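Where a number appears in this text, it was derived from the coordinates with a stated rule and is not lab data. Since the model is a prediction, treat every value here as computed from it, not as a measurement. Please note: Cβ atoms are built from the backbone with ideal geometry, for glycine as well, and neighbour counts cover all protein chains shown.
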Amino acid sequence: MFDLAHVLAYAAILTWFMIMTAAGLGGKLWTPSGFQRAMGNRDTPADLSGVAGRADRAAKNMLENLILFTALAAAVTFAGSTKPLIMTGANVFLWARVAYWFIYLAGIPGIRTAVWGVSVAGMVMMAISI
């Protein structure tokens, strides 16, 4: 089980990978025109359908949840709380977010929502431990 600082760092790294994946899929960086577009100003938004759209929405959702998680991590740290439930909740959040990403990319809606709920439960575990 990771400590809170490591979970926060890994969540930030996961967020970066999610954003880069969304950008790569949305911009079709593996094509010459997609790579050229990525090197330009991108004044026109890319068509984000299918897996590219799901990757973009998953990345945006992770950004939203990372803000909440970071606030909870700060509150826990400022409160000086060291309850085991905090570490469990933080780890539940991280691993649920990893699963959420892959499930969202695969396009499995019901399970995706349930796994998102598990990540929220991890944050609730942290919050009630303060």
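Could you work out how much longer the chain between residue 82 and residue 49 gets when fully extended? Use 0.36 nm per residue separation minus the Cα distance between them, nm to one decimal.
Extending this stretch completely gives an extra 7.5 nm.
With 10 angstrom as the radius, rank 7, 98, 115 by how many other C-beta atoms surround their C-beta, starting from the fewest.
Lowest count first: 98, 115, 7.
Can you tell me the equivalent ellipsoid semi-axes for the stretch 4-128? Use √(5λ) from the Cα gyration tensor, largest first, whole Å.
32, 16, 10
Output wanted: per-residue J couplings in Hz (rounded whole) for the stretch 73-85, from phi through Karplus 6.51 cos²θ - 1.76 cosθ + 1.60, θ = phi - 60°, x for Gly and Pro.
These are the phi-based 3J(HN,Hα) values: 4, 5, 4, 4, 5, 5, 6, x, 6, 10, 5, x, 4 Hz.
Sort 49, 119 so the one with the fewest other Cβ atoms within 10 Å of its own Cβ comes first.
Ascending Cβ contact count within 10 Å gives the list 49, 119.
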